[in-house]
Every structure is written in C-alpha cells, then in structure tokens.
1. Would you pick out the residues in the range 80-92 that are at negative phi and either open to solvent by less than 10 Å² (accessible area, probe 1.4 Å) or not in a helix (DSSP H, G or I) (or both)?
2. Can you list the strands (runs of 3 or more DSSP E) lying wholly within the range 123-211 that have 2 or more residues being open to solvent by 40 Å² or more (accessible area, probe 1.4 Å) and touching a residue at least 24 places away in the same chain (Cβ under 8 Å)?
3. Considering every residue within the range 176-192, establish whether at least one is under 25 Å from GLY96 (Cβ atoms), modelled with pLDDT under 95 and in contact with a helix residue (DSSP H, G or I) (Cβ under 6 Å, 6 or more places away or on another chain).
4. Can you work out which of the residues in the range 93-108 that are among the hydroxyl-bearing types (Ser, Thr, Tyr) and under 19 Å from LYS160 (Cβ atoms) is least open to solvent (accessible area, probe 1.4 Å)?
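The values are calculated or read from the model by the stated rules, or taken from the named source; none is laboratory data. Note that the coordinates shown come from a computational prediction; the quantities given were computed from them, not determined experimentally. Reconstructed Cβ throughout: ideal geometry from the backbone, glycine too, with neighbour counts over all protein chains shown. For accessibility, only protein heavy atoms count, side chains too; no ligands or nucleic acids. Shrake-Rupley method; radii C 1.70, N 1.55, O 1.52, S 1.80 Å.
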Amino acid sequence: MKLKMNRILAGVMCMLFVVTTACNDGEKEEEKREMEAAKIEMEANQKVDIENMEEEKKAMAMETSVAGKAIANEDLSTLVAALKAADLVAMLSEPGDYTVFAPSNQAFSKLPEGTVDNLLKAENKESLQGILKYHVVSGKLTSDQLLEAIKGGKGKYTFKTVAGEELTIMMDGDQYMIQDSRGKKSQVVQGNVDASNGIVYVINDVLMTKK
C-alpha cells in the first residue's frame with residue numbers, strides 16, 4: 001500500500017513538473033513574443049522619427065532657400081508660378097550657390113498680353129525653363145562683389161547664366177542695371193536677399209535672349 005502511494009505521489013509530482021515546465025516555457029514564449037513586438041514597435045517609431053526629422057530639415061531648407069524666399073515674397077508670385085510650371089523649384093531649393101535675378105510681378109506685366117499665360121502651358125515648358133534659367137547664375141554674387149567686378153571691368157561685368165547665355169551688369173548712378181543679350185536693361189529694385197543656397201535680386205523687367 002505504501003509503495004503504491006509512493007508511486008502515485010511520484011506520478012503526481014512528475015505531472016506537476018511537466019505542467020510547471022510547460023507553463024514556464026509558455027510564459028517564456030509569451031515574453032519573447034512581447035519583446036519582439038516591442039522591438040518592432042520601437043524600430044518603427046524610430047523610423048517615423050527619422051522620417052519626420054528629414055521632412056522638417058527639408059521644410060526648413062525649402063523655407064530658407066532661393067525658392068523659399070521667392071514664395072514668401074508676394075511681389076514674386078508670378079515668378080513662383082512660372083518656376084512651378086517649369087519644374088525649377090527643386091533646383092532652387094536644393095543645396096548649392098545661385099545668384100538669381102528675379103523679375104517682379106510688375107516685370108511680367110510688361111510683357112505682351114497673353115505671354116505669361118502662354119508660357120505657363122505644359123507644351124511650352126522647355127521655352128519657359130530657358131527664360132527662367134537665363135535669370136540664374138551659378139555662384140553667390142553679393143552686391144559688393146558685383147561692384148568690384150564692374151569697377152574691374154571698367155564699368156561693366158559680363159557673366160554666363162546657367163542657360164549658357166550672357167548677362168551684363170553695370171551701374172547707373174547708384175543703381176545696379178542688368179542688360180540682356182538684346183541690349184535691354186533692367187533695374188535691380190531690391191538686392192542682397194540672402195538665402196541658404198544663394199542670393200536674390202529683384203528686377204523690374206524680364207530678361208530675354210536674342211531670338
């Protein structure tokens with residue numbers, strides 16, 4: 001009888017051990033799954049944080065860029081519309097150094113009626129790009145640097161735009177004047193607008209190349 005009880009007790013103990021071990025293994029598996037889930041969630045949150053930081057950096061870079069300065073200036077709304085139509089906003093918002101002679105709304109209004117609307121059409125994108133790039137020079141040229149260049153050039157300084165055509169800058173009294181390849185002059189009405197990737201000069205005429 002005693003031997004039988006011992007056997008029964010041993011069997012119960014064995015069953016308890018197996019159940020306890022199984023429970024412990026189950027708990028460990030559950031803990032492992034929870035840890036894996038927490039790890040995945042943490043990595044996902046980190047990825048989102050990194051993406052948000054990158055977006056914030058891009059937004060800040062855009063705001064302080066040449067394109068951002070143009071967008072913030074109500075008097076350059078026509079130029080901004082043209083930049084968007086020509087897909088040039090990205091170029092003027094990315095890192096680099098540019099000097100931009102930005103035609104004001106008044107400058108665009110001097111063009112023959114219907115010219116701007118026509119240029120903004122998708123089929124005229126290439127022509128619009130050429131016109132806008134004629135207003136952009138590689139490198140950051142401050143007004144002091146331009147003045148020194150004008151003096152060094154005996155009253156004139158000629159440089160190439162990113163369109164490959166030339167512009168000439170000169171002084172008329174204390175005013176900076178930009179002359180395009182047609183010989184037409186445009187006055188700088190606002191200068192030294194500093195940007196993270198260059199500098200902007202607002203001018204009162206749209207510059208054009210010879211046809």
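1. Listed by number, the residues that qualify are ALA82, ALA86, LEU88, VAL89, ALA90, MET91, LEU92.
2. The qualifying strands (runs of 3 or more DSSP E) are 185-195.
3. Yes: the range 176-192 contains one or more residues that are under 25 Å from GLY96 (Cβ atoms), modelled with pLDDT under 95 and in contact with a helix residue (DSSP H, G or I) (Cβ under 6 Å, 6 or more places away or on another chain).
4. Going through the qualifying residues, I end up with THR99.
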